[in-house]
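To start, the structure under review is shown below, and the notes come after it.
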Amino acid sequence: MAGQQRDASLICLFDVDGTLTAPRQAATQEMLEFLKRLKQKCYVGLVGGSDLSKIAEQIGSNVAKEYDFLFAENGLVAFQDGKQVGQENLLHNKGEECLQKVINFALKYMSELELPAKRGTFVEFRSSMLNLCPVGRSCSQKERDEFSEFDKKNNIRKKFVEALYQNFPDAGLKFAIGGQISIDVFPVGWDKTFCLQFLEKAGFKTIHFFGDKTNPGGNDHEIYKDSRTIGHSVTSPQDTIKQVSEVIPGL
Ligand code: M1P
């Protein structure tokens, strides 16, 4: 790892959506400059639930090279100093039969929902997780926002998660509300704590984690509560800047 004046024992690790950026939006110039200054003080890592291409859209096409660690899909796709150091595979882990049962159930469940809008891509099959999206991932920003408001009032995703757990209690799967419009499905243990093994191997003594979905059921909860991290719950990118500045003085 490069960087001589940086504190080599300390890393600040950030969730992406809602923490560094507005959900699924690009990071502001202010945030990118803040992270640049932070990198001069300590090591910096990102851990998102999204896949690499979505994180690159939001943080920049060189994201894996620009940060000391980049963990996509909760760290199941891992980069250190721009080099890929990890890659897990959902299909190998869970098998076709199990995944097909979940997908069939989810499609049937979503087909019975009445929402303000329905578009396309209700199931996104990623290398290490399934993403289930009742409004459809191809929705517009306006439709995304409408679903999000509707979901807050009607608990669409909360009820969907309950139904998934009821139907697949022994599948060894976790159903997590990560972003604004969807549910992530992955094997138990493949939450964001998965990425900590890479940081332990690199020898960090202090790991500050900043995330917004830190409540039970949110996809930052496990890593926020993990004994290997000092967890910080943030409410927005502005709040992230404020809280990091309190932890790392002189930014
Ligand atoms: O990074 C958080 C989440 O971002 C997206 O969520 P949504 O589209 O629902 O706002 C998804 O990529 C999701 O997988 C991810 O956890």
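The values are calculated or read from the model by the stated rules, or taken from the named source; none is laboratory data. Quick caveat: nothing in here was measured; it's all calculated off a predicted structure. We place every Cβ from the backbone using ideal geometry, glycine too, and count neighbours over all the protein chains shown.
Considering Phe105, Phe71, which residue is in a strand (DSSP E or B), among the hydrophobic types (A, V, I, L, M, F, W, C), under 28 Å from Tyr165 (Cα atoms) and in contact (Cβ under 8 Å) with a residue 60 or more places away in the chain?
Phe71
Pull up the stretch 6-40, narrow it to residues that are over 18 Å from the mean Cα position of the chain (by Cα) and part of a loop (DSSP other than H, G, I, E, B), then point me to the one that is nearest to Ala56 (Cα to Cα).
Selected residue: Thr28.
With respect to Asp68, determine if the residue is away from the ligand (no atom under 16 Å from the Cβ), closer than 19 Å to Gln197 by Cα, buried (at least 20 other Cβ atoms within 10 Å of the Cβ) and of a type outside the set (Lys, Arg).
yes
Taking the stretch 112-131, which residues are in a strand (DSSP E or B) and in contact with a Ser or Thr (Cβ under 7 Å, 6 or more places away or on another chain)?
At the first step, the residues of the stretch 112-131 found to be in a strand (DSSP E or B) are 123-125, 130-131.
Within the stretch 112-131, Asn131 is the sole residue that qualifies.
Determine whether Asp81 is in contact with an Asp or Glu (Cβ under 7 Å, 6 or more places away or on another chain) and more than 16 Å from the ligand (Cβ to nearest atom).
On the way: in contact with an Asp or Glu (Cβ under 7 Å, 6 or more places away or on another chain): yes; more than 16 Å from the ligand (Cβ to nearest atom): yes.
In short, yes.
Kindly indicate which of Gly86, Gly18, Gly48, Gly75 is of a type in the set (Gly, Ala, Ser), surrounded by 15 or more Cβ atoms within 10 Å (Cβ to Cβ) and touching an Asp or Glu at 6+ places or on another chain (Cβ under 6 Å). Step through it out loud before you land on a result.
On the way: Gly86 fails: touching an Asp or Glu at 6+ places or on another chain (Cβ under 6 Å); Gly48 fails: touching an Asp or Glu at 6+ places or on another chain (Cβ under 6 Å); Gly75 fails: touching an Asp or Glu at 6+ places or on another chain (Cβ under 6 Å).
Testing whether each residue is of a type in the set (Gly, Ala, Ser), surrounded by 15 or more Cβ atoms within 10 Å (Cβ to Cβ) and touching an Asp or Glu at 6+ places or on another chain (Cβ under 6 Å) leaves just Gly18.
Given Lys159, Lys152, Lys174, Lys142, which one is within 14 Å of the ligand (Cβ to nearest atom), free of Cβ contacts under 8 Å to residues at least 24 places away in the same chain and assigned to a helix (DSSP H, G or I)?
The unique qualifying residue is Lys152.
Would a scan of the stretch 41-59 turn up a residue that is in a helix (DSSP H, G or I), more than 16 Å from the ligand (Cβ to nearest atom) and at pLDDT 95 or above?
Taking every residue of the stretch 41-59 in turn, none turns out to be in a helix (DSSP H, G or I), more than 16 Å from the ligand (Cβ to nearest atom) and at pLDDT 95 or above.
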